[in-house]
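A.B. asks: Here you go, one structure.
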Amino acid sequence: MNNHKNRPFNNGKYALFAILFSVTLFSCTKQESTTPETKDIKEAVFASGHIEQENQYTVSSTVEGIVQTISVKEGDSVSTSTIIATLKNDVSSNQLDDALAVYHDAVNNASENSPRLQQIQTQINQAKQQLALDQENYTRFKKLYATNSVSQLEFEKMELQYHAAQNNLVALQKSYTETKDALRLNVQRSLVQVNTSKSMLADYKLITPLAGAVNNVFKKQGELIRKGEAVAEIGSGAYLIKLFVSEDDITKINIGQAIAVSINTYTNSVFAAKVTKIYPAFNKTEQSYVLEARFIERPEKMFSGTQLQANIETANRQGVLVIPSEYLLKEHYVLLENGEERNIEIGSKNGEWTEVISGISDKDVIVKPK
């Protein structure tokens, strides 16, 4: 009993704690509330991208080799068919030399004075002389046979010799024609090989298909370059915006929609642009759909490859009833001040606001969920 009487201070402490606890509990149970409000809403799709020129392309190698010379540097102006770089090409040069040697040999063999054709022509000339002689003897023996001056056997022997001379001349003439055709065909085939070798050798000289300015040079003299690798980037024409949009958003985009563009080189400025082109196919490399846009307000200085971010305006609606998105309960419910959980139909939504289509009005008071 004495112990209990000696604890009045402690009882007062517990009583004070209980009062503080009840005050704290009351303040914690008080929830924030608001009412739906009407706002003008601009809906937008986010896209990332970069700046590039209208006629921009890369000069790439179609063969593998060592870079022997680089003929340009960044900022240079180039015309059509300017040599950007040359690659070491010893093997291709040797192949072209061999092809040219074969071609020249074939041309000589196909000429009228070639040894092979001259040999056949000599045989033809001899055959003509022999035919003339045999024809003369045949005519003479025919007359003699008619007067019984020679036997039938002698006449037939001369007749066979005459026909043999005729056939021999025809065969030699045919051989000459066939040989000449074969030699000409050989010339054509060797010329094809020459052109093929020249084409292969030309692949070791990288040239520009269009005029422009050199934006980037990716290789140096002495470096190994593989087939398909880029050597330089060339650009010309107006600057445009290349944008990449996700699959979820592409159906919201139309030609002519306004864009607010933030460029990495102008961090404190936003530039107006509009959508000018929508590529029809999904880009597997970028894993997105690709758009083009043009500046309405141009930056003072632009550089190809500059990264940027864009908001594409897809809708501009006025008088839309909205609530703060944090007041949503179970995705499409709200909590009224009387404790009722009301099912509402919602429309567009972002991290800050959610559109209310039906279920509550601007006179309803809703409570923020705990």
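The values are calculated or read from the model by the stated rules, or taken from the named source; none is laboratory data. Worth saying up front: this structure is predicted, and the values here are computed from it rather than measured. Cβ placement follows ideal geometry from the backbone for every residue including glycine, while neighbour counts extend to all protein chains displayed. When the accessible area is computed, the model is the full protein with side chains, heavy atoms only, and any ligands, DNA or RNA have been set aside. Shrake-Rupley method; radii C 1.70, N 1.55, O 1.52, S 1.80 Å.
A.B. asks: How do S190, S77, S33 stack up against each other in accessible area, from largest to smallest, with a 1.4 angstrom probe?
C.D. replies: S77, S33, S190
A.B. asks: Now for a different question. Might you work out the accessible area of K227 for me, using a 1.4 Å probe with all protein chains in place, and round it to the nearest 10 Å²?
C.D. replies: About 150 Å², ignoring ligands and nucleic acids.
A.B. asks: Average projected area of the Cα convex hull of region 206-301, in nm²?
C.D. replies: So the mean shadow area of the Cα hull is 8.9 nm².
A.B. asks: Report relative contact order for region 205-300 in percent, whole number only (criteria: Cα-Cα under 8 Å, sequence separation at least 6).
C.D. replies: The value is 25 percent.
A.B. asks: Calculate, for A230 and D90, the FRET efficiency according to 1/(1 + (r/R0)^6) with r their C-beta to C-beta distance and R0 22 Å; round to the nearest 0.05.
C.D. replies: Using R0 = 22 Å, I get an efficiency of 0.35.
A.B. asks: Then there's this: Taking the Cα-to-Cβ direction at K157 and at Q68 and moving 7 Å from each Cα, how far apart do the two end points lie in nm?
C.D. replies: Taking the two extended label points, one gets 7.4 nm.
A.B. asks: Given the C-alpha atoms of region 89-171, compute the convex hull and give its volume per residue in Å³.
C.D. replies: Hull volume normalised by residue count: 77 Å³.
A.B. asks: Which residue fluctuates the most in the chain, going by a Gaussian network model with Cα springs under 10 Å, if the choices are L328, L206, L144?
C.D. replies: Among L328, L206, L144, the largest mean-square fluctuation in the Gaussian network model of the chain belongs to L144.
A.B. asks: Using only Cα atoms, figure out Rg for region 241-293 and give it as a multiple of 2.2 N^0.38 Å.
C.D. replies: Normalised Rg, Cα atoms only: 1.19.
A.B. asks: For region 143-182, take the alpha-carbon Rg, divide it by the Kirkwood Rh, and send me Rg/Rh.
C.D. replies: 1.34
A.B. asks: Using DSSP to define loop residues, name the GluC sites (Glu not before Pro) in region 125-188 whose beta-carbon has at most 12 other beta-carbon atoms within 10 Å.
C.D. replies: none
A.B. asks: Under a 10 Å cutoff between Cα atoms, tell me which one of S197, S92, S114 has the largest fluctuation in the Gaussian network model of the chain.
C.D. replies: Looking only at S197, S92, S114, the largest GNM fluctuation is found for S114.
A.B. asks: Sticking with this structure for a sec: Could you give the angle, 0 to 90 degrees to the nearest 10, between helix 115-146's Cα long axis and the longest principal axis of the Cα atoms of the chain?
C.D. replies: Between helix and principal axis, roughly 40 degrees.
A.B. asks: Quick check: residue separation of K143 and Q309 times 0.36 nm, minus the Cα distance between them. What number comes out in nm?
C.D. replies: Length difference between fully extended and current span is 48.7 nm.
A.B. asks: What is the distance in Å between the Cα centroid of region 125-142 and that of region 173-205?
C.D. replies: Measuring centre to centre over Cα atoms gives 41 Å.
A.B. asks: Now a separate question. Could you name the aspartates and glutamates whose alpha carbon sits less than 14 Å from that of K219, not counting residues in the same chain fewer than 8 places away?
C.D. replies: Qualifying aspartates and glutamates at Cα under 14 Å: E64, E74, E229, E233.
A.B. asks: Also, quick follow-up: Can you give the helix-only mean residue ellipticity at 222 nm for the chain, where every DSSP H stretch with n ≥ 4 adds -39500 (n - 2.57) and the sum goes over all residues, rounded to the nearest 500 deg cm²/dmol?
C.D. replies: After summing the helix terms and dividing by residue count, I get -12500 deg cm²/dmol.
A.B. asks: Moving on. Are any of the pairs K330/K363; K39/K330; K157/K180; K227/K252 more than 31 Å apart by Cα-Cα distance, and if so, which?
C.D. replies: K157/K180; K227/K252
A.B. asks: Measure of size requested: the Rg and Dmax of region 224-370, with Cα atoms as the atom set and Å as the unit; please supply both.
C.D. replies: When restricted to Cα atoms, region 224-370 yields Rg and Dmax of 22.0, 76 Å.
A.B. asks: Still on this structure, please answer the following. Tell me, what is the FRET efficiency for E345 and Y57 to the nearest 0.05, using R0 = 30 angstrom and their Cβ-Cβ distance as r?
C.D. replies: Taking R0 as 30 Å, the efficiency between E345 and Y57 is 0.05.
A.B. asks: Please report, as a whole percent, how much of the solvent-accessible surface of the chain comes from carbon and sulfur atoms (probe radius 1.4 Å).
C.D. replies: Its accessible area is 50 percent carbon and sulfur atoms.
A.B. asks: So which lysines can K174 reach, going by Cα to Cα under 20 Å and dropping same-chain residues fewer than 8 places off?
C.D. replies: By straight Cα distance, K174 reaches K128.
A.B. asks: Here's a follow-up. Is there a quick way to get the dipole size of the chain? I mean about its Cα centre, with the Cβ of Lys and Arg at +1 and of Asp and Glu at -1; what is the value in debye to the nearest 20?
C.D. replies: With Lys and Arg at +1 and Asp and Glu at -1, about 520 debye.
A.B. asks: For helix 90-110, report the angle its Cα long axis makes with the longest principal axis of the Cα atoms of the chain; keep it between 0 and 90° and round to the nearest 10°.
C.D. replies: 30 degrees
A.B. asks: Suppose all protein chains stay in the model; what accessible area per residue would a 1.4 Å probe give for the chain, in Å²?
C.D. replies: 64 Å²
A.B. asks: Ignoring solvent entirely, what values of log10 I(q)/I(0) come out of the Debye formula for the chain at 0.14, 0.15 Å⁻¹ when each Cα is a single scatterer?
C.D. replies: For the chain at q = 0.14, 0.15 Å⁻¹, log10 I(q)/I(0) is -1.19, -1.25.
A.B. asks: Out of K274, K39, K198, any idea which swings most in a Gaussian network model of the chain, alpha carbons joined below 10 Å?
C.D. replies: K39
A.B. asks: For M302, tell me the accessible area in Å² from a 1.4 Å probe, rounded to the nearest 10.
C.D. replies: That residue has around 20 Å² of solvent-accessible surface.
A.B. asks: In addition: Taking the full set of protein chains and a 1.4 angstrom probe, give the accessible area of K157 in square angstrom, rounded to the nearest 10.
C.D. replies: 140 Å²
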